[in-house]
Structure formats: C-alpha cells, structure tokens
Amino acid sequence: MRSKIVAGNWKMNKTLKETEALLTELSAKRPDTEAEIIVAPTFVNLATAVNNLESSVIQVAAQNMHFAENGAYTGEISADMLLGIGIDTVILGHSERRSLFGETDDFLSKKVDTAMAKNMRVIFCFGEELQERQADRHFAVVESQLKNALFHLDASAWQKIVLAYEPVWAIGTGETASPEQAQEMHAFIRKTIDEKYGASVAQNVTVLYGGSVKPNNAEEIFSKPDVDGGLIGGASLKADDFVEIIKAI
Ligand code: PGA
C-alpha cells in the first residue's frame, strides 16, 4: 500500500523566529491522520526544525541538495550535511530549480543517484509548462522528464522515490489543475511506470499533486484515486491553511 503524504515546501520564506513560530503552531494544531506530514524549511532553519520536531510525527525535508560528495561548490549543500542533522528526505527537481537555476533532467539524475547511494528518500518534482499543455505536449513532456531523470534506476530504488506532479502553470498562480486533469496525468504517470517497471512499482509509488492546492480545493483533488497527497507551497506557510489541507486527506 502506498503512503499518503502532505508536504509543505516553504521555499525562501520564514526567518528563524518565524519558522519556530509556525512549527509551534503546526504542532499544536496538527490533526490526527495516517498520512505523513512533511515540512521543508530553508536550509539555515533545518537543524532548528529537526530539533523542534524531535518528538513530533511531523518530518523535515530539505528543498534541494548537490550531487557531489563534498568539495569546491560554493553555496551548495551535500547529502551528508543533511543526513548529519537527521534529514533523509530531499525535494529534487522543483520547477523553480529547473527554470530559475537551470537544473536539467541530466543534472537531476545525478542528484537522484547521490540520494539513492546515501539511502535518502527523494520527492521528485516535474510537470509541464503552460505552452506545453496548450500545444498538447504535456504527456510527452512528463514522460520524458520521468525517463530522463529516473528510469535508469533499479526497481528496488523506487521504494525511495515519491513523485510530485506539479504543472508549472499552476504553481503560485492560484490556478489549479482540475481534479480531473490531475487524475488524468497521475494515471498516465502510473501507466508509464508500469510499462517500464511493472504493476507492483507503479501501484506502490506515491504520486503527489502540487500547484495552488488550498483548503477549498484540496479535498476534491485528494479524492482522486491516483492522487496520494500534495506538495503545498503558499498555503503551507499558514498553519491554519496547512492544517485544513492535512484534514482533507
Ligand atoms: P503553490 O506551490 O502551492 O504555492 O502553488 C507549490 C509548489 O511549488 O510546490
């Protein structure tokens, strides 16, 4: 059985004090759920978040990492640095990393390999841009993103992969894929994985939806059979909204 996950990607938001305040509020208001709850604060606040949530079921993930073991990569963070503070889940391939920082499928596949070598779990983000959907290329784009960055992995590695389908046109725009569009793409993703790895891998991989998930649309999106939860940006920055989204799962 695949797990359900609600993850908050805090991006470049929240100072240390604000992070502490949000974590305290989230811990107090957290609803009981069988879903995993994950938050991804910015790098400088990760250690504090781990300490703060030590006895909580809320988990902490990083928003990115480099593929190299260590060395002359000014400004970058390694897998061992994350593991060293108790973090073993990392978001890779977010569309902002791709579009603003030039991360390609090929570059991302190296990061995925490092994460696998270090026994980390990856929340791998991908999704088409608006003009690609308008040109009816969204299935082809998603398929190539998956193949280029992930399809060199062994079937066993997929236990450590969580997918996050995030149509770029829906991220931070207030525009959401309709529940039907999300389901259609998630089913396609599962079919593509099935063709390469078989039904067991395809049925067991958690596929999250991301892109303007809010308290008022979460329940409908999460009700779709191939949607296993969400990667939440803006709405994860307010405890009450994030809690409502967690309740929706
Ligand atoms: P959003 O961001 O919920 O603010 O659209 C989602 C994401 O970037 O993961």
**Request:** State whether the residues of region 11-24 include one that is within 16 Å of the ligand (Cβ to nearest atom), part of a loop (DSSP other than H, G, I, E, B), within 23 Å of Leu208 (Cα to Cα) and touching a residue at least 40 places away in the same chain (Cβ under 8 Å).
**Result:** yes
**Asked** Only one residue in Gly230, Gly234 is small (Gly, Ala, Ser), surrounded by 17 or more Cβ atoms within 10 Å (Cβ to Cβ) and farther than 25 Å from Phe107 by Cα. Which one?
**Response** Gly234
**Request:** Could you please give the count of residues in region 90-115 that are over 20 Å from Asp154 (Cβ atoms) and either free of Cβ contacts under 8 Å to residues at least 60 places away in the same chain or touching a Gly at 6+ places or on another chain (Cβ under 6 Å) (or both)?
**Result:** 8
**Prompt:** So which helices (runs of 4 or more DSSP H) are wholly in region 137-208 and hold at least 3 residues that are charged (D, E, K, R) and closer than 24 Å to Ile249 by Cβ?
**Reply:** 179-197
**Request:** Considering (1) more than 16 Å from the ligand (Cβ to nearest atom); (2) within 17 Å of the chain's Cα centre (by Cα); (3) of a type in the set (S, T, N, Q), say which one Thr206 fails and leave the rest.
**Result:** (1)
**Request:** Give me the pairs, please: first residue somewhere in region 165-189 and at pLDDT 95 or above, second residue anywhere and among the hydroxyl-bearing types (Ser, Thr, Tyr) and more than 13 Å from the ligand (Cβ to nearest atom), beta-carbon distance under 8 Å, and either six or more positions apart or on two chains.
**Result:** Pro179/Ser223
**Request:** Can you give me the number of residues within region 120-164 that are at positive phi and either β-branched (Val, Ile, Thr) or more than 16 Å from the ligand (Cβ to nearest atom) (or both)?
**Result:** 1
**Fill in**
Out of (1) more than 16 Å from the ligand (Cβ to nearest atom); (2) surrounded by 19 or more Cβ atoms within 10 Å (Cβ to Cβ), the one His186 does not meet is (1)
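The values are calculated or read from the model by the stated rules, or taken from the named source; none is laboratory data. Worth saying up front: this structure is predicted, and the values here are computed from it rather than measured. No Cβ is skipped: glycine too gets one built from the backbone with ideal geometry, and neighbour counts run over all protein chains shown.
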